[in-house]
Amino acid sequence: MKLSKYGEHYTKGSGILDLMDDLGKALSTDTNMLMLGGGNPSHIPEIEQIMQEEMQRIIDNGEFGKVIGNYDTPQGNVPFLKSLAKMFNNFFDWNLTEKNIALTNGSQNAFFYIFNFFAGEFKNGSKKKILLPLAPEYIGYSDIGITDDFFVSYKPEIEKIDNHTFKYKIDFNNCKITDDIGAVCISRPTNPTGNVLTDDEISELRKMTTKANIPLIIDSAYGTPFPNIIYTDATPVWDDNIILSMSLSKFGLPAVRTGIVIANEEVINAVSAVNAIASLSPGGIGASLVKRIVQNGSIIDLSKNIVQKYYYAKCLKAFNSLTKKLGNIDFYLHKPEGALFLWLWLPNFPITSDELYEQLKKRGVLVISGSNFFPGLNEDWKHKNECIRITYAQNDDIVEKGLTIIADEIKSIWRCS
Ligand SMILES: Cc1ncc(COP(=O)(O)O)c(C=O)c1O
């Protein structure tokens, strides 16, 4: 097969392809592998029940044909966009209209569009990049750029909270917006670390991006107000210079592929234009399923009272269990402030995180090596090979079994070194 430069670029292999392949195969086949690697959200019974009732209501009301039988506009289902705008305005002082919102086929899809809007080659011959102010960052950004050399990222400051807990912070002394930066992006909460950037950090990034006249992209796939998988205080923000990306996936609907972009009208028009070219229109099933809970605002309460509580209980269990199992060895867990992951740092560990990943795979546990989560940070830094990401979204007994093996393997590698 002879491929264009574009074809070669996107088929040469990527971390996210391997990850999603592993995840999809494991979820669709009978395997004994303990899946503590991928980012599939939990099946939360209460949320599944509500979604099932919504689907039943759609069928009973005779709306099913309309839901599956019509294309929406390239921007998404307009009555749904209006309901979203109204709901956000009720809770926050954002002054949105439906012209500030577009749907995409998952938020990953939105990042593909938006990153390539603001980085890459420009008409005047200049090249711009996306600045990721805090490494580690989401593996799914890594291979998105149509051109190579697409990201710049900076080493974080590491704040040690106690003997076994730490937190990353943006190093604002180093992190600067230079002329070759087209946009700044952060995930809040951060995949892979569970870090939540503080309101002060967000405020500083807003000042920097406004001054440089470039957008601040906030990836709120786990954020407020839904799915609200945040265990610390974090104020949701939006203004004309912020592109806020949200998703229904971690609320419990990854299969319906619904991303939500909130931005100024110019950006929304651009997203709609590419939606039309790339996929005619975004899928409408997600919008139909959550239409009522958006109209009555209960998606916000469900997120806070069901989704957040559910993950927080799992998070505490996994954090305490792993801390106990690792005992006195030299380890740090990132303070878990949100998302679905524990981020384990093993300073001076005798083997790399890629090698540890392989060893654990042999023992039937899938995690993700931390080395995958440093897009744009090209400098050598030992820390990049000393961390693993562990997902705690699976059933508690699977998580517990996986953590037992992980701790056992780590201790035995230390003993043999
Ligand atoms: C930080 C972050 N952003 C975006 C996405 C994309 O999610 P989706 O395309 O399902 O909305 C994910 C998925 O895991 C994620 O972790």
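Overview of results
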| read-out | value |
| --- | --- |
| Some residue of segment 155-166 being within 16 Å of the ligand (Cβ to nearest atom), buried (at least 16 other Cβ atoms within 10 Å of the Cβ), aromatic (F, W, Y) and over 17 Å from A110 (Cα atoms) | no |
| Condition check for D149: farther than 23 Å from T232 by Cα, charged (D, E, K, R), within 15 Å of the ligand (Cβ to nearest atom) and at pLDDT below 95 | no |
| I59, sole failed condition from (1) assigned by TED's automatic domain parsing to the domain that holds K291; (2) assigned to a helix (DSSP H, G or I) | (1) |
| Residue list for segment 321-360, filter: more than 15 Å from S412 (Cβ to Cβ), touching a residue at least 24 places away in the same chain (Cβ under 8 Å) and in a helix (DSSP H, G or I) | S321, L322, T323, S353, D354, Y357 |
| Failed condition for V237, given (1) in a helix (DSSP H, G or I); (2) more than 12 Å from T104 (Cβ to Cβ) | (1) |
| Test: residue in segment 343-351 that is within 16 Å of the ligand (Cβ to nearest atom), at pLDDT 95 or above and of a type outside the set (D, E, K, R) | yes |
| Out of I268, I260, sole residue that is outside any loop (DSSP other than H, G, I, E, B), assigned by TED's automatic domain parsing to the domain that holds D200 and more than 16 Å from the ligand (Cβ to nearest atom) | I268 |
| Hey, S245 more than 22 Å from G338 (Cα to Cα) and within 16 Å of the ligand (Cβ to nearest atom) or not | no |
| Residues (buried (at least 22 other Cβ atoms within 10 Å of the Cβ) and more than 16 Å from the ligand (Cβ to nearest atom)) located in segment 84-116 | F88, N100 |
| Test result for I268, closer than 28 Å to M55 by Cβ and in contact (Cβ under 8 Å) with a residue 24 or more places away in the chain | no |
| Of residues in segment 178-220 being more than 16 Å from the ligand (Cβ to nearest atom) and in a loop (DSSP other than H, G, I, E, B), the one surrounded by the most Cβ atoms within 10 Å (Cβ to Cβ) | P215 |
| Segment 300-318 - residue that is surrounded by fewer than 18 Cβ atoms within 10 Å (Cβ to Cβ) and in contact (Cβ under 8 Å) with a residue 24 or more places away in the chain and, of those, nearest to N195 (Cα to Cα) | Y312 |
| Count of segment 384-415 residues which are farther than 21 Å from L316 by Cα and either without any contact (Cβ under 8 Å) to a residue 40 or more places away in the chain or touching a Ser or Thr at 6+ places or on another chain (Cβ under 7 Å) (or both) | 5 |
| Test for D143: is it assigned to a loop (DSSP other than H, G, I, E, B) and within 16 Å of the ligand (Cβ to nearest atom) | yes |
| Identity of the residue in segment 117-140, over 15 Å from G182 (Cβ atoms) and at pLDDT 95 or above, that ends up nearest to the ligand (Cβ to nearest atom) | Y138 |
| Residues satisfying the stated conditions in segment 60-73, i.e. surrounded by 12 or more Cβ atoms within 10 Å (Cβ to Cβ) and either without any contact (Cβ under 8 Å) to a residue 12 or more places away in the chain or under 24 Å from the mean Cα position of the chain (by Cα) (or both) | F64, K66 |
| Residue match in segment 360-382 (condition: within 23 Å of E137 (Cα to Cα), of a type in the set (D, E) and in contact with a Phe, Trp or Tyr (Cβ under 9 Å, 6 or more places away or on another chain)) | no |
| Answer from F80, F91, F117, F111 - the residue that is more than 20 Å from E265 (Cα to Cα) and in contact (Cβ under 8 Å) with a residue 60 or more places away in the chain | F91 |
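For (1) within 20 Å of the chain's Cα centre (by Cα); (2) closer than 30 Å to I59 by Cα; (3) modelled with pLDDT under 95, each residue gets a yes or a no:
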| position | (1), (2), (3) |
| --- | --- |
| N264 | no, no, no |
| Q295 | no, yes, no |
| Y310 | yes, yes, no |
| K325 | no, no, no |
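The values are calculated or read from the model by the stated rules, or taken from the named source; none is laboratory data. Note that the structure is predicted; figures quoted are calculated from it, not measured. Here Cβ is always computed from backbone atoms with ideal geometry, including for glycine, and neighbour counts include all displayed protein chains.
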